[in-house]
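First comes the structure, then the notes that go with it.
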Amino acid sequence: MLNNWQRIEQIIKWTEAASVSAFAREIGLNRGENLYQIKRGNNGISKELAETITNKYPQISRAWLLTGEGEMLPDEALREKVEIPFYKVDAVQYIMYDADLAPTYNISFPLFRGSDFAAFSFSDAMMPDIPQGAVLFFQEAQVSAIHPGATYLVVSDSFLGIRTLRKEPESTIIRLVPKNKESYDDVIIDEKEIKRLFVVRGVAVNKSI
């Protein structure tokens, strides 16, 4: 049976986080000290930490995380190989020329099962959340099902790029919000202008994909 740290380490490897600190940020911790205390054997996995991790990654068994009993991924399908088409170009370039592009190859990434494709982001508009050169995983979404606060690749006549979406109350107006406020301004469009929409399901940083 895996010990506390080995279970945390297995999850970090499964998510393909670049480091313990990167994983801590992914689950909403300000720093990785809590995790390093588990690695040193000073702390166990608390119920609060288990809840934090499984809220972010509901595929993971909370009982396994707390006790080590059973499987990390109870759903057998999640343990199967997942093939996602990867295009070795910027996501915006893929959208512009997708009819003429063939996948560079397929990549296996069970965490982002259901993604339609993966591609780079070379823009600095969403830094530091999405570093330049990160690989993003996208799933096509419906405008009617926009989740405010989520990040999307937006395709319209007037805009093509990756932004966090905010909806104006009782309105069809959508605000496209960059993370890098020093270099980019918000963009305002009507939801009727959106031709295609892809939610960013995940980000892989510093990986040789």
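Looking only at residues in the stretch 1-43 that are over 24 Å from the mean Cα position of the chain (by Cα) and assigned to a helix (DSSP H, G or I), which one is surrounded by the fewest Cβ atoms within 10 Å (Cβ to Cβ)? Show your work before the answer.
Applying the first criterion (over 24 Å from the mean Cα position of the chain (by Cα)) to the stretch 1-43 yields 1-4, 37-43.
Restricting the remaining residues to those that are assigned to a helix (DSSP H, G or I) gives 4, 37-39.
On the way: N4: 17, Q37: 13, I38: 21, K39: 15.
By that ranking, first place goes to Q37.
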| strands (runs of 3 or more DSSP E) wholly inside the stretch 92-209 containing at least 2 residues that are of a type in the set (S, T, N, Q) and surrounded by fewer than 17 Cβ atoms within 10 Å (Cβ to Cβ) | 105-108
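Under 25 Å from T151 (Cβ atoms), not assigned by TED's automatic domain parsing to the domain that holds L197 and not β-branched (V, I, T) - does that describe any residue in the stretch 40-55?
So the first thing to find is which residues in the stretch 40-55 are under 25 Å from T151 (Cβ atoms), and the list is 51-55.
Next, only the ones that are not assigned by TED's automatic domain parsing to the domain that holds L197 stay: 51-55.
Restricting the remaining residues to those that are not β-branched (V, I, T) gives 51, 55.
Checking the stretch 40-55: at least one residue is under 25 Å from T151 (Cβ atoms), not assigned by TED's automatic domain parsing to the domain that holds L197 and not β-branched (V, I, T).
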| said: Tally up the residues in the stretch 61-71 that are modelled with pLDDT under 90 and under 24 Å from the mean Cα position of the chain (by Cα), please. | reply: 1
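Yes or no, residue by residue, for (1) among the hydrophobic types (A, V, I, L, M, F, W, C); (2) touching a strand residue (DSSP E or B) at 6+ places or on another chain (Cβ under 8 Å); (3) at pLDDT below 95:
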{"position": "I84", "(1), (2), (3)": "yes, yes, yes"}
{"position": "N106", "(1), (2), (3)": "no, yes, yes"}
{"position": "F112", "(1), (2), (3)": "yes, yes, yes"}
{"position": "D116", "(1), (2), (3)": "no, yes, yes"}
{"position": "A119", "(1), (2), (3)": "yes, yes, no"}
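Within the stretch 25-49, take every residue that is among the aliphatic types (A, V, I, L, M) and over 20 Å from P110 (Cα atoms) and give me the one that is modelled with the lowest pLDDT. Walk me through it before giving the result.
First pass over the stretch 25-49, keeping only residues among the aliphatic types (A, V, I, L, M): 27, 29, 35, 38, 45, 49.
If we keep only those that are over 20 Å from P110 (Cα atoms) too, we end up with 29, 35, 38, 45, 49.
Working: L29: 86, L35: 94, I38: 93, I45: 95, L49: 94.
Looking at the filtered set, the residue picked out is L29.
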| request: Looking only at the stretch 1-24, count how many residues are modelled with pLDDT under 85 and hydrophobic (A, V, I, L, M, F, W, C). | output: 5
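The values are calculated or read from the model by the stated rules, or taken from the named source; none is laboratory data. Computed from a predicted model, the values in this text were never measured in an experiment. Please note: Cβ atoms are built from the backbone with ideal geometry, for glycine as well, and neighbour counts cover all protein chains shown.
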